[in-house]
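Below you'll find the structure, written out as structure tokens, and then a few comments.
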Amino acid sequence: MREQIGIVVQLQEIEIETDRIKSVLAGVPGRMGSLEAELNNVTQEIEKRKAFVDELRKKYRLYESDYQASLSLHNKSQEKLSAVKNNKEYQSILKEIDDIKAKSSGIEEEMINGLDVIESAEKEVARLKREFLSAEERIIGEKKILIDETEQDKKTLAELVEKWENTAKNISPELMQKFNTVKGLTRGTGIAPVLDSICLGCNMNIPPQMYNELQRFDSIKFCPHCQRIIYWGKE
Ligand SMILES: [Zn+2]
């Protein structure tokens with residue numbers, strides 16, 4: 001019986017490790033997805049910033065054509081000035097030219113400011129592109145590690161399955177059935193050691209009589225509280 005119990009303990013260890021690896025593997029698509037999402041976020045931010053630069057440039061071109069229009073108005077007024085007939089008309093055209101000049105200088109100011117804004121927006125795009133490149137490099141590395149680890153985990157999982165099958169051959173079908181039944185009840189481990197009268201499956205006290213009997217390893221015992229198969233945990 002001692003040997004049989006030892007085998008069940010081994011089976012449980014294999015199952016715990018198997019479950020751990022399965023849950024790691026189940027998390028792989030999510031981890032892969034979040035690495036890709038991280039990169040997509042940077043790409044989207046770059047696109048957004050590029051669109052902003054385009055908008056600024058469009059606005060700048062509008063100012064440019066306004067400025068050209070203002071210049072040609074100015075030229076026309078200058079021509080009118082040379083054909084002027086009286087002082088009143090002369091004064092009126094001078095006033096017109098002043099207004100045009102004021103407007104032009106306002107446009108010029110907007111253009112200068114616009115160029116500054118375009119320059120800093122372009123710098124931001126360049127910065128994001130550098131950020132993208134370093135994020136891309138890092139993420140490619142992380143993905144590779146994840147792929148390698150996944151390969152290794154799959155291999156280990158296959159080995160564990162084989163090990164489980166080989167180990168399971170060595171216990172009696174009754175014991176296997178009891179082990180499976182208990183696992184179904186606890187939704188987890190099916191066997192637990194008892195140390196100093198305490199079942200380590202549920203941390204409850206075992207009756208003294210049962211605790212004494214456990215030392216003999218002559219029959220399968222179950223924890224009266226959690227129903228796990230229990231065994232003497234101290235030599
Ligand atoms: Zn218990």
### Query
Inside segment 193-219, can you point out the residues that are within 11 Å of the ligand (Cβ to nearest atom) and either assigned to a loop (DSSP other than H, G, I, E, B) or hydroxyl-bearing (S, T, Y) (or both)?
L200, G201, C202, N203, I206
### Task
Taking the residues in segment 168-192 that are within 16 Å of the ligand (Cβ to nearest atom) and within 15 Å of Q4 (Cβ to Cβ) as candidates, determine which candidate is surrounded by the fewest Cβ atoms within 10 Å (Cβ to Cβ).
K178
### Summary
Here the residues within segment 126-144 that are without any contact (Cβ under 8 Å) to a residue 12 or more places away in the chain and not hydroxyl-bearing (S, T, Y) are A126, R127, R130, L133, E137, R138, I140, G141, K144
### Task
Could you tell me whether F222 is of a type in the set (F, W, Y), within 12 Å of the ligand (Cβ to nearest atom) and in contact with a helix residue (DSSP H, G or I) (Cβ under 9 Å, 6 or more places away or on another chain)?
yes
### Residue pairs meeting the criteria (Cβ under 7 Å; at least 6 apart or on separate chains; first under 13 Å from K50 (Cα atoms), in segment 106-125; second among the aromatic types (F, W, Y))
I118/Y60; A121/F52
### Task
Scan segment 194-235 residue by residue and report those that are at negative phi, in contact with a Lys or Arg (Cβ under 8 Å, 6 or more places away or on another chain) and in contact (Cβ under 8 Å) with a residue 40 or more places away in the chain.
I220, F222, I229, Y231
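One line per residue, one yes/no per condition, for (1) exposed (fewer than 14 other Cβ atoms within 10 Å of the Cβ); (2) farther than 30 Å from L128 by Cα:
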site: A51; (1), (2): yes, no
site: Q68; (1), (2): yes, yes
site: S77; (1), (2): no, yes
site: A83; (1), (2): yes, yes
site: E89; (1), (2): yes, yes
site: I93; (1), (2): no, yes
site: D98; (1), (2): yes, yes
site: A102; (1), (2): yes, yes
site: E109; (1), (2): yes, no
### Task
Please find, within segment 121-138, the residue that is nearest to the chain's Cα centre (by Cα) out of those that are within 28 Å of Y60 (Cα to Cα) and aliphatic (A, V, I, L, M).
L128
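Where a number appears in this text, it was derived from the coordinates with a stated rule and is not lab data. Only a predicted model underlies this, so the values are computations on that prediction, with no experimental measurement involved. All Cβ positions, even for glycine, are placed from backbone atoms using ideal geometry, and neighbour counts span all protein chains on display.
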